[in-house]
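Supplied in structure tokens, the structure appears directly below.
The values are calculated or read from the model by the stated rules, or taken from the named source; none is laboratory data. Predicted model only: the values in this text are computed from it and were never measured. Here the Cβ positions follow ideal geometry from the backbone for every residue, glycine too, while neighbour counts run over all protein chains shown.
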């Protein structure tokens, strides 16, 4: 699924069914460009997904990560508030904003926030900006603002570095050995279309008068381990695969070992639910890549198949 937005970019999308075309792009770190962009296109609502989204990359480029994730968010919010057409802004942050002590307790929206690494800290900064502009809206008027936090999204089309399924697919497709770190680590995996549908539902809700500042979107079951994700992936790739697991927990202090996300509020307020469970999300992602890489099915057709399933009864 083409959900991995280029770093620092915001896009104006002109719908053509699933063949939406990315028309223009700008750097969210440049306020003048952002403001001119939003002013020119006069949207009624803004969904902000642009980010530097990688934890390990954030250790290498911490300043750039903060500039993109914090300053970029500030620029989006300020420009939206200065544009009369904008009625609502939805800011996508991450489930990694919560203070995580590896307790395996599922996080709820009111839990304390604390960024451990540069990426999660920058997203906590984005949450602080959201809270500030929510207060501005309350006191002085302006668009409604909501932040949304999703679990680890997966789906076809993501080639990002240091993500488990892209790393597996790269190795599988080249018949190469894949070295997997931290097999016992757990994450709330979900198909990218599930939270995206939730984001639209959240936006509609606040535009229709719902009073909610933040919503979690995650699976409704215990988080799967990295090893479980790998085994499901191997079982659904049609060709031989070669994977080697590390027997120790690497990167101690860099990435959290466990993560659980509670989404009862979204289910209650929006009647939102997951179309794919965690295992099925992995299967759907691997099958997307099988279609595209092994069967030469156009990516847009593979995406359409997932969309058909999302909206089927």
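Restricting attention to the range 97-128, and to residues there that are surrounded by fewer than 24 Cβ atoms within 10 Å (Cβ to Cβ) and in a helix (DSSP H, G or I), which single residue is farthest from the chain's Cα centre (by Cα)?
128
Could you please find all residues in the range 21-64 being part of a loop (DSSP other than H, G, I, E, B) and under 20 Å from the mean Cα position of the chain (by Cα)?
28, 29, 49, 50, 51, 52, 53, 54, 61
How many of the residues in the range 132-183 are over 30 Å from residue 76 (Cα atoms), touching a strand residue (DSSP E or B) at 6+ places or on another chain (Cβ under 8 Å), surrounded by fewer than 22 Cβ atoms within 10 Å (Cβ to Cβ) and touching a residue at least 12 places away in the same chain (Cβ under 8 Å)?
Matching residues across the range 132-183 total 9.
So, one more: What about residue 230, is it touching a residue at least 40 places away in the same chain (Cβ under 8 Å), touching a strand residue (DSSP E or B) at 6+ places or on another chain (Cβ under 9 Å) and under 20 Å from residue 148 (Cβ atoms)?
When the stated conditions are applied, residue 230 does not pass them.
If you don't mind, another one. Can you find a residue that is within 21 Å of the chain's Cα centre (by Cα) and either in a helix (DSSP H, G or I) or modelled with pLDDT of 80 or more (or both) anywhere in the range 1-13? If you could, list the steps in order and put the result at the bottom.
Taking the range 1-13 as the starting set, the residues that turn out to be within 21 Å of the chain's Cα centre (by Cα) are 1-13.
Keeping just the survivors that are either in a helix (DSSP H, G or I) or modelled with pLDDT of 80 or more (or both) gives none.
No, the range 1-13 has no match at all.
For residue 247, work out the one condition from (1) assigned to a helix (DSSP H, G or I); (2) at pLDDT below 90 it doesn't fulfil.
Exception for residue 247: condition (1).
Quickly run through the range 146-178 and pick out the residues that are over 20 Å from residue 283 (Cα atoms), assigned to a strand (DSSP E or B) and over 18 Å from the mean Cα position of the chain (by Cα).
177
Quick one: in the range 265-298, of everything that is assigned to a helix (DSSP H, G or I) and more than 20 Å from the chain's Cα centre (by Cα), which residue is nearest to residue 229 (Cα to Cα)?
287
Tell me, please, whether a residue that is within 27 Å of residue 119 (Cβ to Cβ) and assigned to a loop (DSSP other than H, G, I, E, B) can be found in the range 194-212.
Checking the range 194-212: at least one residue is within 27 Å of residue 119 (Cβ to Cβ) and assigned to a loop (DSSP other than H, G, I, E, B).
Yes or no: residue 211 closer than 27 Å to residue 44 by Cα and more than 22 Å from the chain's Cα centre (by Cα)?
Numbers: closer than 27 Å to residue 44 by Cα: yes; more than 22 Å from the chain's Cα centre (by Cα): yes.
Considered against the rule, which asks whether it is closer than 27 Å to residue 44 by Cα and more than 22 Å from the chain's Cα centre (by Cα), residue 211 comes out as yes.
While we're looking at this one, here's another question. Residue by residue through the range 215-244, note down the ones that are surrounded by 20 or more Cβ atoms within 10 Å (Cβ to Cβ) and within 19 Å of residue 109 (Cα to Cα).
215, 216, 217, 218, 219, 223
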